[in-house]
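Engineer: Submitted below is the structure of interest, expressed as structure tokens.
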Amino acid sequence: MGQVAQDNTRSAPRVHGLRTRRLLAAFVLLLPGLCATAADWFRRGRLLSSFAGGERFAYLATVLGSFALWALLLYVAAGRRGPMRHAGAVVFVVLFAFSFAVQQAFFGLYSVYINIDPLVFGDDFPRAILGVLPVDLVLPRLAFGIGLALALVWAARRTLRPRRRLRQLAPLLAAAAVVAAFAAPVSPPVPRQAAAPEVMYFHALAVLGNDRLIRLRPGVRPQIVRLQRRRPEPVPAFEARPPSKRNVLLLLQEAQRADVTCIGYESDCRLATRATNRLTPTRLPFFQVRAATSSTAVAVAVLWSGIDPTETYERMYSAPLIWEYARAAGYDTAYWTSQNLMFGNARLMVQDVPLTARAVGTNIDPQADILTGADDDKLVERALADLPKLAEPFFAVVHFSNIHRPRVVDQARAPFQPTNLSDTGPGGIHRRNHYKNSVYLSDLAAAHFIEQLRATDVGKRTVLFYTSDHGEAYGEHKNENDHSSTVYEEEIRIPQWIDAPDGVLSADEIAGYQRNGDALISQYDQAATLLDLLGIWDAPGFAEFRPRMLGTPAARPIKWRPLPLTNVSWVWEYHRPNWGMMYGPVKLVAQLEDPAYKCFNVLMDPGEKVDLGADKCVDLVADADRTFGMLPKDMRRLRDRPDWGRAGGRAPPTP
């Protein structure tokens with residue numbers, strides 16, 4: 001009896017120790033999921049607590065799946081011997097470290113996680129693994145993630161004693177969990193990113209990888225061209241020479257037609273831009289301005305670089321942007337936009353630009369609509385809050401987005417009636433008024449920014465350059481879409497004006513702008529004009545870059561030259577390509593189904609109703625053939641012409 005009691009006394013600590021070890025082992029298995037979930041709650045706890053119904057179910061399901069994935073991989077890695085032990089450790093460390101690092105870095109930059117939206121059109125899979133983010137942003141987090149993952153593997157091997165049967169089954173379960181994590185359909189249309197961050201990352205890579213494999217099959221065309229990450233050539237430091245020390249601020253609207261805008265000051269403006277009209281009575285108007293495209297991505301590529309959008313892939317992605325020239329010339333720089341740049345890789349146009357202050361739509365509102373973006377009022381609040389951070393002189397852009405379909409309107413501030421309550425319902429006057437009410441609302445936000453800026457000391461030294469990226473269609477030419485579908489006037493005719501306090505512009509600049517009020521100005525000229533306002537256009541250090549640009553500063557005589565008009569470029573491609581050429585008032589227009597170019601004189605026929613016939617524009621047709629290489633009916637999509645727009649250049653890089 002005494003011996004039995006003594007044995008029970010001795011075994012009690014062993015049992016307690018065994019239980020403690022098992023509890024510790026279970027905790028270690030759960031620890032990766034706990035770390036990932038805790039980090040997610042730290043970043044967006046308020047949003048997660050608002051989930052209900054299907055969102056809550058989707059989030060909890062993916063979180064539980066994430067716990068299972070990490071636990072199974074750690075269990076395999078904790079094996080005592082055999083190749084599965086090492087395979088499990090490698091897979092765990094790689095998946096955990098990369099998903100942790102990339103999602104943390106992406107959220108820090110954009111206030112949302114990676115899902116398929118910002119990756120879907122990527123052409124470089126290795127870059128996609130890092131979220132197509134700057135390497136120096138990801139590497140420190142990746143190093144930390146690897147260290148944490150290795151520590152978890154070490155802890156698992158110290159505490160776990162995998163049983164024989166489970167050791168045999170665990171690799172199969174772990175493999176199934178990995179497949180499920182990559183296959184889980186958690187990208188849009190799942191609302192509000194209601195999923196575990198790592199699962200969103202894995203699914204995005206799986207979709208992109210599958211697309212790349214499909215494109216390797218014979219006879220399969222590449223996907224529609226979208227923005228890729230830029231590799232801008234360096235701009236050496238040089239001295240800007242503006243006539244006066246000043247700041248330049250671009251107010252860029254989205255999809256705003258010229259004919260809904262009071263371009264010149266009107267004492268009784270009845271159009272949609274009444275608010276900005278009232279605040280800028282001495283502005284300098286330009287009435288005959290046209291975009292190079294009706295696609296936002298192509299438009300901003302032209303506006304911010306000044307180069308031809310039919311240039312080679314290499315040139316399009318290596319051309320410096322105005323911010324880079326401005327920074328090299330000693331200006332501080334900023335960019336604020338309500339646009340949701342997760343749409344179609346659009347973030348990659350500005351991701352690597354050197355900026356002191358920046359905000360995109362998801363920074364302003366993580367739930368920003370993918371098309372209309374964040375609220376333009378909130379954009380203005382953010383820009384005004386950041387403005388004091390900038391050192392003078394500066395170049396900055398405030399880029400609005402709410403006019404984009406489906407459009408943001410406020411029925412309490414909707415002066416154009418009768419109107420639709422949304423971008424559906426009756427067409428005709430109702431839909432046009434809905435569009436105008438959206439312009440009106442966004443203009444109120446722009447006016448608030450102007451009013452607050454002009455009330456500051458900085459505003460006394462700031463030139464405002466106001467324009468839109470492109471126009472908008474009401475179906476005048478049976479436009480398939482309201483923009484991007486053609487390069488007819490309704491989709492490319494845009495407003496432009498310049499406003500500056502007394503003494504900020506020189507007398508020569510003012511006289512030049514006044515002379516060109518009715519001149520035919522293009523988006524190419526806008527880029528040149530912004531650089532001229534910054535005192536960069538004539539700077540010796542800019543001389544090597546100037547010949548690459550097609551434009552002329554608007555303070556100088558505008559030179560007519562054949563100018564490409566296209567929604568087909570290495571930065572963006574509409575699914576039904578359309579393009580043309582313009583020389584002065586003469587314009588060629590073509591869509592995919594057209595057997596030949598249509599020719600119009602936009603001054604004599606602003607509605608483009610009378611086709612002059614391509615034979616009346618022979619020289620311009622020849623220029624178009626040299627630029628685009630084929631007749632319209634034969635051109636097809638850009639992806640069918642890997643050498644399109646190139647003079648013996650190399651094809652774009654592929655993984």
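Engineer: So, in the range 24-48, how many residues would count as being among the basic types (Lys, Arg) and open to solvent by less than 30 Å² (accessible area, probe 1.4 Å)? Before the answer, list the steps.
Structural biologist: First, the residues of the range 24-48 that are among the basic types (Lys, Arg): 43-44, 46.
Now drop any that are not open to solvent by less than 30 Å² (accessible area, probe 1.4 Å), which leaves 44.
Total satisfying the criteria: 1.
Engineer: Which count do you get for residues in the range 561-586 that are surrounded by 23 or more Cβ atoms within 10 Å (Cβ to Cβ) and without any contact (Cβ under 8 Å) to a residue 60 or more places away in the chain?
Structural biologist: 1
Engineer: Tally the residues that are touching a Ser or Thr at 6+ places or on another chain (Cβ under 7 Å) and more than 27 Å from residue 45 (Cα to Cα), restricting the search to the range 85-136.
Structural biologist: The qualifying residues number 1.
Engineer: Let me ask you something else. Among the residues in the range 407-414, are any in a loop (DSSP other than H, G, I, E, B), at pLDDT below 95 and of a type outside the set (Ser, Thr, Tyr)? Even if it seems obvious, please write down each step before you answer.
Structural biologist: Of the range 407-414, the ones in a loop (DSSP other than H, G, I, E, B) are 407-410, 414.
Checking the rest, the ones that are also at pLDDT below 95 come to none.
No: the range 407-414 contains no residue that is in a loop (DSSP other than H, G, I, E, B), at pLDDT below 95 and of a type outside the set (Ser, Thr, Tyr).
Residue-by-condition table, conditions (1) of a type in the set (Ser, Thr, Tyr); (2) open to solvent by less than 20 Å² (accessible area, probe 1.4 Å):
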residue: 50; (1), (2): yes, no
residue: 59; (1), (2): yes, yes
residue: 65; (1), (2): no, no
residue: 83; (1), (2): no, no
residue: 104; (1), (2): no, no
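Engineer: Within the range 340-351, is there a residue that is surrounded by fewer than 17 Cβ atoms within 10 Å (Cβ to Cβ) and basic (Lys, Arg)? Quick ask: steps written out before the conclusion?
Structural biologist: Of the range 340-351, the ones surrounded by fewer than 17 Cβ atoms within 10 Å (Cβ to Cβ) are none.
No, because not a single residue in the range 340-351 is surrounded by fewer than 17 Cβ atoms within 10 Å (Cβ to Cβ) and basic (Lys, Arg).
Engineer: Oh, and also: Among the numbered conditions (1) part of a loop (DSSP other than H, G, I, E, B); (2) over 21 Å from the mean Cα position of the chain (by Cα); (3) at pLDDT 90 or above, tell me where residue 230 comes up short.
Structural biologist: For residue 230, the failing item is (2).
Engineer: Identify the residue in the range 369-383 that is assigned to a loop (DSSP other than H, G, I, E, B) and closer than 22 Å to residue 298 by Cβ and, among all such residues, is farthest from the chain's Cα centre (by Cα).
Structural biologist: To start, the set of residues in the range 369-383 that are assigned to a loop (DSSP other than H, G, I, E, B) comprises 370-372, 374-375.
From the residues that got through so far, the ones that are closer than 22 Å to residue 298 by Cβ too are 370-372.
Working: 370: 10, 371: 11, 372: 13 Å.
Here the residue is 372.
Engineer: Next up: Just for the range 171-190: of the residues that are out of contact with any Gly (no Cβ under 8 Å at 6 or more places or on another chain) and in contact (Cβ under 8 Å) with a residue 40 or more places away in the chain, which one is most open to solvent (accessible area, probe 1.4 Å)? Write out each step before concluding.
Structural biologist: Going through the range 171-190, the residues out of contact with any Gly (no Cβ under 8 Å at 6 or more places or on another chain) turn out to be 172-173, 175-176, 178-179, 182-183, 185-190.
Cutting the leftovers down to in contact (Cβ under 8 Å) with a residue 40 or more places away in the chain gives us 173, 178, 186-188, 190.
Values: 173: 80, 178: 31, 186: 12, 187: 5, 188: 59, 190: 39 Å².
In this case the residue turns out to be 173.
Engineer: Give me the residue from the range 199-210 that is of a type outside the set (Gly, Ala, Ser) and crowded, with 19+ Cβ neighbours inside 10 Å and, out of that set, modelled with the lowest pLDDT.
Structural biologist: Restricting attention to the range 199-210, the residues satisfying the condition of being of a type outside the set (Gly, Ala, Ser) are 199-203, 205, 207-208, 210.
After this cut, where a residue has to be crowded, with 19+ Cβ neighbours inside 10 Å as well, the list is 199-203, 205, 208.
Working: 199: 96, 200: 96, 201: 96, 202: 96, 203: 95, 205: 94, 208: 89.
Selected residue: 208.
Engineer: Of 410, 376, 365, which residue is farther than 18 Å from residue 324 by Cα, of a type in the set (Asp, Glu) and buried (at least 24 other Cβ atoms within 10 Å of the Cβ)?
Structural biologist: Working: 410 fails: buried (at least 24 other Cβ atoms within 10 Å of the Cβ); 365 fails: buried (at least 24 other Cβ atoms within 10 Å of the Cβ).
Going through 410, 376, 365 in turn, just one is farther than 18 Å from residue 324 by Cα, of a type in the set (Asp, Glu) and buried (at least 24 other Cβ atoms within 10 Å of the Cβ): 376.
Engineer: Quick check on residue 469: is it under 20 Å from residue 572 (Cα atoms), in contact with an Asp or Glu (Cβ under 7 Å, 6 or more places away or on another chain) and at pLDDT below 95?
Structural biologist: Numbers: under 20 Å from residue 572 (Cα atoms): yes; in contact with an Asp or Glu (Cβ under 7 Å, 6 or more places away or on another chain): yes; at pLDDT below 95: no.
The answer is no for residue 469.
Engineer: Looking at the range 258-287, which of its residues are touching an Asp or Glu at 6+ places or on another chain (Cβ under 6 Å), surrounded by fewer than 24 Cβ atoms within 10 Å (Cβ to Cβ) and not hydrophobic (A, V, I, L, M, F, W, C)?
Structural biologist: Correct list: 280, 283.
Engineer: Which residues, taken from the range 615-655, are at pLDDT 85 or above and not charged (D, E, K, R)?
Structural biologist: Of everything in the range 615-655, those that are at pLDDT 85 or above and not charged (D, E, K, R) turn out to be 617, 618, 620, 621, 622, 624.
Engineer: Residue check: is residue 347 among the charged types (D, E, K, R), within 28 Å of residue 405 (Cβ to Cβ) and assigned to a strand (DSSP E or B)? Break it down stepwise before answering.
Structural biologist: Numbers: among the charged types (D, E, K, R): yes; within 28 Å of residue 405 (Cβ to Cβ): yes; assigned to a strand (DSSP E or B): no.
No: the conditions fail for residue 347.
Engineer: Could you check residue 56 against (1) in a loop (DSSP other than H, G, I, E, B); (2) among the charged types (D, E, K, R); (3) over 22 Å from residue 153 (Cα atoms) and say which number it fails?
Structural biologist: Status for residue 56: all satisfied but (1).
Engineer: Right, another one. So residue 108 clears everything in (1) open to solvent by 60 Å² or more (accessible area, probe 1.4 Å); (2) farther than 18 Å from residue 366 by Cα; (3) out of contact with any helix residue (DSSP H, G or I) (no Cβ under 6 Å at 6 or more places or on another chain) except one condition, right? Which one?
Structural biologist: Going through (1) open to solvent by 60 Å² or more (accessible area, probe 1.4 Å); (2) farther than 18 Å from residue 366 by Cα; (3) out of contact with any helix residue (DSSP H, G or I) (no Cβ under 6 Å at 6 or more places or on another chain) one by one, residue 108 breaks only (2).
Engineer: Something else: Please go through the range 534-556 and pick out each residue that is touching a residue at least 60 places away in the same chain (Cβ under 8 Å) and either of a type outside the set (A, V, I, L, M, F, W, C) or out of contact with any helix residue (DSSP H, G or I) (no Cβ under 8 Å at 6 or more places or on another chain) (or both). Talk me through it step by step, then tell me what you get.
Structural biologist: Taking the range 534-556 first, the residues touching a residue at least 60 places away in the same chain (Cβ under 8 Å) are 534-536, 538-542, 545, 548-551, 554.
Hits for the range 534-556 are 535, 538, 539, 540, 541, 548, 551.
Engineer: Within the set of pairs 6 or more residues apart or between chains, which connect a residue that is of a type in the set (Val, Ile, Thr) inside the range 344-359 to a residue that is not in a loop (DSSP other than H, G, I, E, B) with Cβ atoms less than 7 Å apart?
Structural biologist: Sorted first by the residue in the range 344-359, then by its partner, the pairs are 350/335; 353/323; 353/324; 353/335; 356/332; 356/333; 356/334; 356/389.
Engineer: Follow-up question, since we're still on this one. Can you tell me which residue among 166, 148, 133 is open to solvent by less than 20 Å² (accessible area, probe 1.4 Å) and touching a residue at least 60 places away in the same chain (Cβ under 8 Å)?
Structural biologist: On the way: 166 fails: open to solvent by less than 20 Å² (accessible area, probe 1.4 Å); 148 fails: open to solvent by less than 20 Å² (accessible area, probe 1.4 Å).
Selected residue: 133, the only one of 166, 148, 133 that is open to solvent by less than 20 Å² (accessible area, probe 1.4 Å) and touching a residue at least 60 places away in the same chain (Cβ under 8 Å).
Engineer: Mind checking which residues of the range 485-496 are part of a loop (DSSP other than H, G, I, E, B) and at pLDDT 95 or above? Can you show your working first?
Structural biologist: Let us first name the residues in the range 485-496 that are part of a loop (DSSP other than H, G, I, E, B), namely 485-488.
Selection gives 486, 487, 488.
Engineer: Then there is this: Are any of the residues in the range 250-257 surrounded by 24 or more Cβ atoms within 10 Å (Cβ to Cβ) and within 21 Å of residue 129 (Cβ to Cβ)?
Structural biologist: no
The values are calculated or read from the model by the stated rules, or taken from the named source; none is laboratory data. Predicted model only: the values in this text are computed from it and were never measured. All Cβ positions, even for glycine, are placed from backbone atoms using ideal geometry, and neighbour counts span all protein chains on display. Areas reflect the complete protein model, heavy atoms only, side chains present, ligands, DNA and RNA absent. Shrake-Rupley method; radii C 1.70, N 1.55, O 1.52, S 1.80 Å.
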